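Here is the structure we will look at.
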Amino acid sequence: MIVTVTSHKGGVGKTVTAVHLAAYFTERFGEGSTVLIDTDPNASAIEWSERGRLPFQVVEPSAEPGGEEHVILDSQGRLGGEDLEAAVDDSDLLVIPTSPEALSLNALMLLVDDLKALGGRAEYRVLLTMVPWWNRSGTGARKALEAEGIPLLDGEIRRREAFQTAALQGVPVYDVNDRRAKQGWEDYKKIGRQVIKLR
Ligand code: ADP
């Protein structure tokens, strides 16, 4: 399966999502089954893997294909025109993370408009990320997006410091020694299960 994680706005959990989808695929399909291609010029996923150890390979787009069955792409920000079209045509699914904040939601709507302009052939799902646990902004955002007919993955990724610790330590969140880290992994497992079913 080829999954592209993309968003028009930075800082919405795109890299964290790509890393944890790749971790989930690796858990499900075994070591060597999945590769994460980091096409983001910030190379955040490559740096993540270099700081510690991830259970899958993270490679640059220029790397020789390794024959993995599953490919997760951490896309560059703001794909447009032919690049967006190629991402749609080359992927089984686009996962679009957004936080429930107004600026992120605005950027999301622009991307959805771009996808609609491709004439309905884009297979995509929106993922609510970095959702605060101390207010109901996540619920409000979901309702607003559903009212617009935008397809969302069930569940959300809550805001947890453990994700930042995981990035710093160069590991998936399940390797962070913190009770809440386990909850962060549960959030991504729920998303991973749905993504696999969309094959
Ligand atoms: P993007 O790839 O969209 O720019 P990142 O995945 O790099 O975003 O995330 C941006 C920042 O937010 C990073 O510091 C990351 O650790 C943090 N972050 C991402 N997801 C969460 C989350 N669910 N909870 C808390 N912090 C998060």
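Here are the numbers for the structure shown:
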quantity	calculated
Efficiency of FRET between D83 and E47 - r from beta-carbon atoms, R0 22 angstrom, step 0.05	0.45
Sum of -39500 (n - 2.57) over DSSP H runs of 4+, divided by residues of the chain (222 nm, nearest 500)	-14000 deg cm²/dmol
Cross-link reach list, aspartates and glutamates versus K143, counting only Cα pairs under 18 Å and skipping chain neighbours closer than eight places	E101, D154, E156
Relative contact order of the range 55-150, pairs being alpha-carbon contacts under 8 Å that are 6 or more residues apart, as %	27 percent
Environment charge at S33 (Cβ cut-off 13 Å; Lys +1, Arg +1, Asp -1, Glu -1)	-3
Extension gain, S33 back to K190 (0.36 nm per residue minus Cα-Cα distance, nm)	54.6 nm
Peptides ranked, highest mean first, by Cβ atoms within 10 Å: ranges 112-120, 87-95	87-95, 112-120
Cβ-based net charge around E50, under 15 Å, with every Lys or Arg adding one and every Asp or Glu removing one	-3
Protection proxy ranking of 58-66, 128-136, 165-173 - average other beta-carbon atoms within 10 Å, highest first	165-173, 128-136, 58-66
Shape call, the range 13-70: gyration tensor on alpha carbons, a/c limit 1.5	oblate
Of V112, A18, L127, farthest towards positive along the dipole that unit charges on Lys, Arg, Asp, Glu beta carbons give the chain	L127
Computed over the range 4-161, Cα set: Rg, Dmax in Å	15.4, 46
Ranked list, fewest to most other Cβ atoms within 10 Å of each Cβ, for I2, I96, I72, I46	I2, I46, I96, I72
Ranked by how many other beta carbons lie within 10 Å on average, peptides 101-108, 139-146 from highest	101-108, 139-146
Residues T139 and D113, FRET efficiency given R0 of 25 Å [Cβ-Cβ distance, rounded to 0.05]	0.55
Estimated FRET transfer efficiency (R121, S62; beta-carbon r; R0 22 Å; 0.05)	0.20
Solvent-free Debye scattering, log10 I(q)/I(0), computed from the Cα coordinates of the range 131-199 at q = 0.17, 0.26 Å⁻¹	-0.72, -1.11
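We did not get these values from a lab; they are worked out from the coordinates using the rules stated. Note that the coordinates shown come from a computational prediction; the quantities given were computed from them, not determined experimentally. Glycine also receives a Cβ, built like all others from the backbone with ideal geometry; neighbour counts cover every protein chain displayed.
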